[in-house]
Amino acid sequence: MRKIIIICLCIVGLGLYLPVNAQRVAAVVERDSLSKPYHPEADAQADIDNLIQKAGVQGKNIIMQAGGNWCIWCLRFNNYIQGDPDVATLLEDNFLYYHLNFSKENKNEEVFKKYAPEGSKLGYPFFIVMNQKGEVLEVHDSGSLEDGKGYAKQKVLSFFGKHIPKGE
């Protein structure tokens with residue numbers, strides 16, 4: 001009887017473990033299949049300084065997507081904005097877009113402290129919107145833009161749309 005109880009407990013335990021493990025494997029497979037836009041080796045502040053110069057010349061605002069290649073939601077958002085023609089066009093026409101890395105290899109602590117000192121409380125990815133002068137207009141979470149395992153197009157367009165430069 002004791003052996004039967006132990007076998008039953010093992011079967012139940014295995015039944016609970018397998019679906020969870022399958023979800024983890026699926027997430028890793030998905031993450032590995034998406035492009036990796038974050039560059040831990042980059043000098044983020046130098047990149048941002050260059051973006052501010054370009055933004056003034058081009059009359060565009062800047063959107064920094066904070067996150068890392070380790071973050072499935074960061075990679076999903078990058079994939080989403082590249083794959084949706086309306087969103088991609090809105091961004092291309094009005095913004096300079098930058099992937100601000102946060103990872104164990106490079107936490108960019110000084111950059112985050114300067115532009116979004118409370119940003120890490122939002123989870124990743126989050127967005128730092130700056131005007132052409134490099135002034136932060138908004139730090140915004142991505143959770144409010146989500147829809148299931150993706151993003152709600154109208155919410156994304158509305159968020160970006162409210163930051164289109166108005167001839168600063």
Residues of region 57-99 with backbone N under 14 Å of the label point set 7 Å from the Cα of Gln45 along Cα→Cβ are none
Ranked output for segments 80-88, 119-127, 136-144 by mean other Cβ atoms within 10 Å, highest leading, reads 119-127, 136-144, 80-88
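Taking each full run of DSSP H in the chain as one helix, which ones are at least 27 Å long along their axis (Cα atoms) and have mean Kyte-Doolittle hydropathy of at least -1.0?
Values: long enough: 2-33 (46 Å, 1.04).
Span-like helices in the chain: 2-33.
Once you charge only the Cβ atoms, +1 for Lys and Arg and -1 for Asp and Glu, what is the size of the charge dipole of the chain about its Cα centre, to the nearest 20 debye? Before the final figure, lay out each step's value.
Details: 19 positive and 20 negative charges, 162 e Å.
With Lys and Arg at +1 and Asp and Glu at -1, about 780 debye.
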Rounded to the nearest 10 Å², the accessible area of Glu118 using a 1.4 Å probe with every protein chain kept is 110
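Over the chain, what is the percentage of antiparallel beta bridges among all DSSP beta bridges, to the nearest 5?
On the way: 12 of 19 bridges.
Within the chain, antiparallel bridges account for around 65 percent of the total.
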If R0 = 25 Å, then Lys166 and Val28, at their Cβ-Cβ distance, give a FRET efficiency to the nearest 0.05 of 0.05
Taking every other residue with Cβ under 13 Å from the Cβ of Lys162 and scoring Lys and Arg +1, Asp and Glu -1, one gets +1
At q = 0.21, 0.22, 0.23 1/Å the base-10 log of I(q)/I(0) from the Debye formula over the alpha-carbon atoms of region 25-66 is -0.77, -0.80, -0.83
Region 90-168 -> Rg/Rh from Cα coords, Kirkwood Rh, value 0.97
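The values are calculated or read from the model by the stated rules, or taken from the named source; none is laboratory data. Because the structure is a prediction, the values reported are computed rather than measured. Don't worry about glycine lacking a Cβ; one is built from the backbone with ideal geometry, like all the others, and counts go over all protein chains shown. These accessible areas exclude ligands, DNA and RNA; they are computed on the full protein's heavy atoms, side chains included. Shrake-Rupley method; radii C 1.70, N 1.55, O 1.52, S 1.80 Å.
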